[in-house]
Amino acid sequence: MNISDIADDYLIDRKEGMKKLTAGFLNEVMQLEAENQIQARPYERTGKRRAHRNGTRSRKLKTIYGEIELDKPQIREFPFETAVFERFSRVEDSLRVAVAESYFEGVSTRKVEKVFSKFGLKNISASEVSRIAKKLDKLVKDFLNRPIEGSIPYIFVDASYFKVRTDGRYVNKALLVVVAIHDDGYREILSATVDDSEDESCWENCFESLKARGLKGVKLVISDAHKGIQAAVQKSFLGASWQMCNVSLYACCAQEHT
C-alpha cells in the first residue's frame, strides 16, 4: 500500500479537500499556459509581450471527486488555448496521486514538474516551479489547519502503518487519524497526519494541534487498547472518558478464548 492509496481511505474531508487542491493545480497549469502565450507574467513590463490578460472566466470540470470550478484565463488580443480540458481524462489518475501525496508530504517542485509535464508544459524555470510549489503548499496547509467549529463530544482515533521511501531506503511511518462523531451521528475526519510512530508524544501532539484549531467539548475518545493513546487522552482531554472500539474489543476477546 502506498500513500496515495491510504489517502483514498483517510484523507481529511477527502471529497472537498481533493477537489480544492485539484482545482489549485489545474488553475496554475492554465496560468502558466497564459504566460507562455502572452510571453509575459501578470503586470510584467517586457518587450517580448504579445498580448494582455482580460480577467478569467469560470469553467466547470467533472472529476472523480465531483465537479470543480476553474478560473480559465482570458486574453484580450486572441483566444486563450489550454490543454487542461482536452487532456484531463488521460492524466487524472497521475494528478490524483500527486494531490493525495501533497496532503501528507507537502507540495514539492518534483510533483509540480511532473503534473505540468503531463499537460505539455516542460522546461519550466526552477524559480517558477518553486514559486508555484510554495503557492500550492500554502493552499494545502490552509486547508489542513482550517478551524474546527462547535463542540464535538466523541472522537474516534486510529493509526495505520505504511512504508515511505526516504533517502534511498524504505522506513515505516504511522498515519494518525482522528474522526469526529457529532451528536447527530455525522462523522467527519478532522485530521490524518503522518508521524514516525504512534507513541504517547505523537498522539499528544496530534490532540493538541486539534485543540489549537478549535476542538472542544470532547467527552469520549474511542480507540484500540494502545497505551500511548490512553495516556495522551488523559493529558489532552481532562475529564473525558476512553473506550475500546468494538472491533478491538472483539479481537481481544477472541484471543483470550483461543
Listed residue (LEU32, ALA133, VAL84) projecting farthest to the positive dipole end of region 3-144, Cβ model: LEU32
Highest-first arrangement of 225-236, 116-127, where packing means the average Cβ count within 10 Å: 225-236, 116-127
Volume per residue of the C-alpha convex hull in region 154-256, rounded to whole Å³: 117
Full-stretch length increase - SER197, ALA231 - with 0.36 nm per residue and alpha-carbon distance subtracted: 10.7 nm
Out-of-range pairs (alpha-carbon distance over 29 Å; input LYS114/LYS141; LYS19/LYS48; LYS72/LYS173; LYS135/LYS216; LYS48/LYS72): LYS19/LYS48; LYS72/LYS173; LYS135/LYS216
Region 41-84 - convex hull of alpha carbons, volume per residue in Å³: 89
Net charge of neighbours whose Cβ lies under 11 Å from the Cβ of ALA40, counting Lys and Arg as +1 and Asp and Glu as -1: +4
10 Å Cβ shell holding at most 15 others, DSSP loop, GluC sites (Glu not before Pro): longest site-free stretch of the chain: 150-258
Placed amide H near SER191: partners under 5 Å, 5+ positions off or other chain: VAL178
In nm, spacing of pseudo-spin labels at ARG187 and ARG57 (7 Å Cα→C-beta vector): 4.4
Cα gyration tensor category, rounded, prolate or oblate, for region 155-200 with a/c compared to 1.5: prolate
Exposure proxy order (Cβ contacts within 10 Å, fewest to most) of CYS202, CYS245: CYS245, CYS202
Tensor-based shape of region 129-185 (alpha-carbon gyration tensor, a/c under 1.5 rounded, otherwise prolate or oblate): oblate
Region 3-144 - convex hull of alpha carbons, volume per residue in Å³: 107
Average projection area in nm² (convex hull over Cα atoms of the chain, one quarter of hull surface): 17.6
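Every number in this text was worked out from the coordinates using simple rules, so none of it is lab data. Because the structure is a prediction, the values reported are computed rather than measured. Every residue, glycine as well, gets a Cβ built from its backbone with ideal geometry; the counts of neighbours run over all protein chains shown.
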